[in-house]
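This report refers to the structure that appears directly beneath it.
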Amino acid sequence: MATNADDSNDEHKLWLPENESFFIGLLYEEAKKGLQTTTLDRKTWQKVEEELFKKFAKRYKIDKLKSKFNRLRIAHREFSQLLQNTGMGWDPQTRTVTASEEVWESYLKVNPGAKKFRKKGLPHYDLLGVIFNNTTATGQMNYSSTHCPPDDETERQQEREFLGKGIHVDVEEIEDESTDDPPTL
């Protein structure tokens, strides 16, 4: 049975920064076409796998691609929640989160997994926002069955708050360069 350290080692061996950047670029191109589900269809996964093979001469199994996709989604959600926390800021030059020591300590007590973002932020956060913003559950439209049904005005207000808004926090605008190649980062 593999340990977490083994999994982490495999992750670093399989997903070098340039491989991950290229993979994210491929996902970004698919997202621009309009992802309507939380994942890609089998044909698209095969296409992504083939593009990775052409670029790096390395085969990735589709289940490995899906796992990486889900880890990126989780990291994007965690980072977005971090940025929404009071006292957290964003430095676009260094692409890192800024906050006082007290704010970090307080946040890390409740969210120890966020420690990985303290020094390096989340590479490609802006592209991940395009990829995951419309497919990540946020809980915004939840409504308990024990409450009375909302009236028309409450429903309209909920809809206004929900539509076009996901978990992603805009940190800077993405320049849309229409090229055949995925963006290189």
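The values are calculated or read from the model by the stated rules, or taken from the named source; none is laboratory data. Everything quoted here is computed from the prediction, not taken from an experiment. Backbone-built Cβ (ideal geometry, glycine too); neighbour counts: all protein chains shown. Protein only, heavy atoms only, side chains kept; ligands, DNA and RNA dropped before computing areas. Shrake-Rupley method; radii C 1.70, N 1.55, O 1.52, S 1.80 Å.
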Could you give the size of the charge dipole of the stretch 16-133 about its Cα centre, using +1 on the Cβ of each K and R and -1 on the Cβ of each D and E, expressed in debye and rounded to the nearest 20?
-> 540 debye
Residues of the stretch 61-84 with backbone N under 18 Å of the label point set 7 Å from the Cα of Glu11 along Cα→Cβ are 61, 63-82
Computed E for Gln93/Asn19 - FRET, C-beta separation, R0 25 angstrom, nearest 0.05 = 0.45
Would you mind working out the accessible area per residue for the stretch 16-133, using a 1.4 Å probe, and quoting it in Å²?
-> 55 Å²
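Ranked from the most accessible area to the least, with a 1.4 Å probe and all protein chains present, what is the order of His12, His124, His76?
Values: His12 120, His124 25, His76 0 Å².
Accessible-area ranking of His12, His124, His76, largest first: His12, His124, His76.
Are there trypsin sites (Lys or Arg not before Pro) in the stretch 22-52 that DSSP puts in a loop and that have at most 10 other Cβ atoms within 10 Å, and which ones? Could the numbers behind the result be given before it?
Details: sites: Lys32, Lys33, Arg42, Lys43, Lys47; in loops: Lys33.
When the trypsin sites (Lys or Arg not before Pro) of the stretch 22-52 are filtered for loop state and at most 10 Cβ neighbours within 10 Å, Lys33 remain.
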